[in-house]
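**Student:** Have a look at the structure that comes next, please.
The values are calculated or read from the model by the stated rules, or taken from the named source; none is laboratory data. For clarity, every value in this text was computed on a predicted model and none was experimentally measured. Quick reminder, even Gly has a Cβ in these numbers, built from the backbone with ideal geometry, and neighbours come from all protein chains shown.
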Amino acid sequence: MKTKILTLSMLFCALFNLSAQDDTTTKTSNFGIKGGYNLAAVSFDEDSETGQRHSFHVGFYGESFFTESIALQVELLYSQQGYEIESNGGTFTQKLDYINVPLMFKMYPDNNFFLEVGPQIGLAISHEEEFDSNFDLFDTSQEFEPNSFDWGVNFGGGFKTNSGISLGVRYHLGLGDIYEEGNPKNRVWQFSVGFDF
């Protein structure tokens with residue numbers, strides 16, 4: 001965990017050093033829509049990770065450029081998260097849906113390729129746990145109360161065309177506990193496509 005925090009801190013420092021050395025020419029700020037595929041899991045006590053829930057995310061973003069190669073992107077996303085555990089007895093699915101607000105610092109090493117890192121906060125808006133026993137009589141659906149707020153750090157990269165179409169990959173490292181017991185934390189891979197307005 002300390003290694004991950006140190007790595008993220010070094011990325012922040014590199015971003016701001018590049019900003020200081022860049023010229024004063026800036027790109028145009030923009031906003032748009034994005035969406036894509038989630039591979040969501042949960043880490044318990046940072047020792048084991050569950051199977052993945054296949055889901056999606058969708059929302060809006062605004063990107064503001066400080067220099068030609070440094071930008072800040074704020075997003076508002078609906079994101080389906082949670083996890084699945086399969087055994088001989090059936091499949092247990094934890095469904096957790098969030099409204100997430102990522103704040104991403106983006107670096108463009110060239111005109112189209114970007115790297116990004118930044119914090120994220122989330123609000124749990126729905127939650128459900130299901131057990132599919134492969135026999136309808138024993139299937140259950142029951143809700144449990146997760147913590148309302150989630151927080152963590154995102155990092156990733158992608159490619160953005162001159163016409164404003166972007167393809168990105170991002171990893172969310174959750175740092176807040178979903179529940180009090182077992183220290184469960186969100187782990188989410190996101191594969192996105194975005195369109196500038």
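**Student:** I'd like the full set of residues that are among the acidic types (Asp, Glu) and either in a loop (DSSP other than H, G, I, E, B) or at pLDDT 90 or above (or both), limited to segment 16-65. Explain how you work it out, then say what you get.
**Tutor:** As a first pass, look at segment 16-65 and keep what is among the acidic types (Asp, Glu): 22-23, 45-47, 49, 63.
Matches in segment 16-65: 22, 23, 45, 46, 47, 63.
**Student:** Can you tell me which of (1) in a strand (DSSP E or B); (2) at pLDDT below 90 is the one residue 8 doesn't meet?
**Tutor:** If we test residue 8 against (1) in a strand (DSSP E or B); (2) at pLDDT below 90, just (1) comes out false.
**Student:** At least 1 residues that are at pLDDT 95 or above in each: list the strands (runs of 3 or more DSSP E) lying fully within segment 78-175 that qualify.
**Tutor:** Per the criteria, 90-107, 113-132, 149-160, 165-174.
**Student:** Out of the residues in segment 49-78 meeting the condition of being in contact with a Leu (Cβ under 9 Å, 6 or more places away or on another chain) and closer than 26 Å to residue 182 by Cα, tell me which one is surrounded by the fewest Cβ atoms within 10 Å (Cβ to Cβ).
**Tutor:** 54
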